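Read the structure below first, then the notes.
The values are calculated or read from the model by the stated rules, or taken from the named source; none is laboratory data. These figures come from a predicted structure and were not determined experimentally. Every residue, glycine among them, receives a Cβ derived from its backbone with ideal geometry; neighbour counts consider all protein chains shown. Quick note on the areas: whole protein, heavy atoms, side chains included, nothing else; ligands and nucleic acids left out. Shrake-Rupley method; radii C 1.70, N 1.55, O 1.52, S 1.80 Å.
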Amino acid sequence: MSEPIVEVKNLKKYFPITGGLLNRTIGHVKAVDDISLSIRAGETFGLVGESGSGKSTVGRTILRLTDKTSGEVLFKGIDLHTLPPKELRKLRPQMQLIFQDPYSSLNPRVRVGDAIGEALLDHGILQKGEVRDRVEEVLAACGLSSYHYDRFPHEFSGGQRQRIGIARALVLDPALIIADEPVSALDVSIQAQIINLFRGLQESQGLTYLFISHDLSVVEHLCTRIGVMYLGSMMETAPRDELFRNPLHPYTKALLSAVPIPIPKLKRDRIVLKGDIPSPANPPSGCKFHTRCPFATEICKAEIPQFRHVGSDHYVACHLVN
Ligand code: SF4
């Protein structure tokens, strides 16, 4: 088993809610509430959960694009949140983020090749005359051609734009890529192509991914381990096959029941959760899932379940699971 490249320990990220005449802090949105996880070098860790579960905030806090409230984030053993800005900037090329909508981060008047190459100049990695060759190399690795270098963002389809987003991250030769819902805006057939591209690049470049998605069927084909988040807390983590074969947390079971099986005669019994995800500004007591869990008992309302190891690299937070 390889060494962890990222270690997150008891991470909390609370956003203040302000109000009143004096604009005082009157509460907090607990977007990430005591999360621990590790991502091993060369693996793809999938982080799944409904919208509002805090998974994107975990990604942004790992990269220190937002400050933590408490806890620790280590990248290659270095505490990113205590690093002086100059030192952090030196590490930035090694950690890249890919968005759901790469178009919004591209200047419509800048040629795509220049947009991909600008970080190489910003970080002083290459001289101006060397950039084009490197960008063309990365365009080819991402399934684009050298003639795309001089095109503008509006000339590309959704799938091609995501390839540009991946190229922008890849050009810096990162060790870690955090991909936040990178295929959820794409048609299913294009999703498969982009997932195959992620997988191919991982094999050829030895990349490590944190892959964030609301959809378990997307992470199923790419991830080695999966973490399931609900309302800022981790409910279950396990290796991919173990999670799909033996889900233990009722929330994971509900999410899995919505994943189609590619065998027409086989069907999963769909578990439909009642109600919406509660507000992270006022999460339920005890187990945060108890207001929607079909198996909730009195202890679930009163006590927070421990996140416990239950075997085979499998962890779960549920009073029902011994
Ligand atoms: Fe359901 Fe209780 Fe388990 Fe929470 S601790 S998931 S409410 S059974």
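If the condition is being touching a Ser or Thr at 6+ places or on another chain (Cβ under 7 Å) and of a type outside the set (A, V, I, L, M, F, W, C), then the stretch 67-95 contributes only Lys68. Annotation: of all residues in the stretch 201-224 being under 20 Å from Asp33 (Cβ atoms) and open to solvent by less than 10 Å² (accessible area, probe 1.4 Å), the one that is nearest to the ligand (Cβ to nearest atom) is Ile212.
For every residue, the table says whether it meets (1) open to solvent by less than 60 Å² (accessible area, probe 1.4 Å); (2) farther than 20 Å from His309 by Cβ; (3) modelled with pLDDT of 95 or more; (4) among the hydroxyl-bearing types (Ser, Thr, Tyr).
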{"position": "Pro4", "(1), (2), (3), (4)": "yes, no, no, no"}
{"position": "Leu22", "(1), (2), (3), (4)": "no, yes, no, no"}
{"position": "Gly42", "(1), (2), (3), (4)": "yes, yes, no, no"}
{"position": "Phe45", "(1), (2), (3), (4)": "yes, no, yes, no"}
{"position": "Val58", "(1), (2), (3), (4)": "yes, yes, yes, no"}
{"position": "Ile62", "(1), (2), (3), (4)": "yes, yes, yes, no"}
{"position": "Ser70", "(1), (2), (3), (4)": "yes, yes, yes, yes"}
{"position": "Phe75", "(1), (2), (3), (4)": "yes, yes, yes, no"}
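Given the conditions (1) surrounded by fewer than 19 Cβ atoms within 10 Å (Cβ to Cβ); (2) of a type in the set (Lys, Arg); (3) under 29 Å from Ser279 (Cβ atoms), report the number of the one that Arg109 does not fulfil. (3) is the only condition that Arg109 fails. Which residue, of Ala179, Ala167, is of a type outside the set (Asp, Glu) and part of a helix (DSSP H, G or I)? Sole residue among the options that is of a type outside the set (Asp, Glu) and part of a helix (DSSP H, G or I): Ala167. Just a yes or no: is a residue in the stretch 225-234 open to solvent by 10 Å² or more (accessible area, probe 1.4 Å), touching a Phe, Trp or Tyr at 6+ places or on another chain (Cβ under 9 Å) and either within 14 Å of the ligand (Cβ to nearest atom) or at pLDDT below 95 (or both)? Yes, there is a match, as at least one residue in the stretch 225-234 is open to solvent by 10 Å² or more (accessible area, probe 1.4 Å), touching a Phe, Trp or Tyr at 6+ places or on another chain (Cβ under 9 Å) and either within 14 Å of the ligand (Cβ to nearest atom) or at pLDDT below 95 (or both).
Of the residues making up the stretch 296-309, those that are open to solvent by 50 Å² or more (accessible area, probe 1.4 Å) and closer than 20 Å to Thr237 by Cα are Ile304, Gln306, Phe307, Arg308, His309. Filtering Arg132, Arg151 for residues that are over 20 Å from the mean Cα position of the chain (by Cα), open to solvent by 40 Å² or more (accessible area, probe 1.4 Å) and farther than 25 Å from Asn196 by Cα leaves a single hit, Arg132.
When Asn282, Asn322 are screened for being within 16 Å of the ligand (Cβ to nearest atom) and at pLDDT below 95, only Asn322 passes. When every residue of the stretch 238-248 is checked against the conditions, at least one turns out to be touching a Leu at 6+ places or on another chain (Cβ under 7 Å) and surrounded by 19 or more Cβ atoms within 10 Å (Cβ to Cβ). Are any of the residues in the stretch 264-283 open to solvent by 50 Å² or more (accessible area, probe 1.4 Å), over 20 Å from the mean Cα position of the chain (by Cα) and among the hydroxyl-bearing types (Ser, Thr, Tyr)? Yes - at least one qualifying residue is present in the stretch 264-283. State the number of residues belonging to the stretch 193-227 that are of a type in the set (S, T, N, Q), under 18 Å from Leu172 (Cβ atoms) and out of contact with any strand residue (DSSP E or B) (no Cβ under 7 Å at 6 or more places or on another chain). Residues that pass the stated criteria total 2.
Of the residues making up the stretch 286-295, those that are surrounded by 13 or more Cβ atoms within 10 Å (Cβ to Cβ) and either of a type in the set (Gly, Ala, Ser) or more than 7 Å from the ligand (Cβ to nearest atom) (or both) are Gly286, Lys288, Thr291, Arg292.
Against the conditions (1) buried (at least 16 other Cβ atoms within 10 Å of the Cβ); (2) in contact with a Leu (Cβ under 7 Å, 6 or more places away or on another chain), Gln94 satisfies every one except (1).
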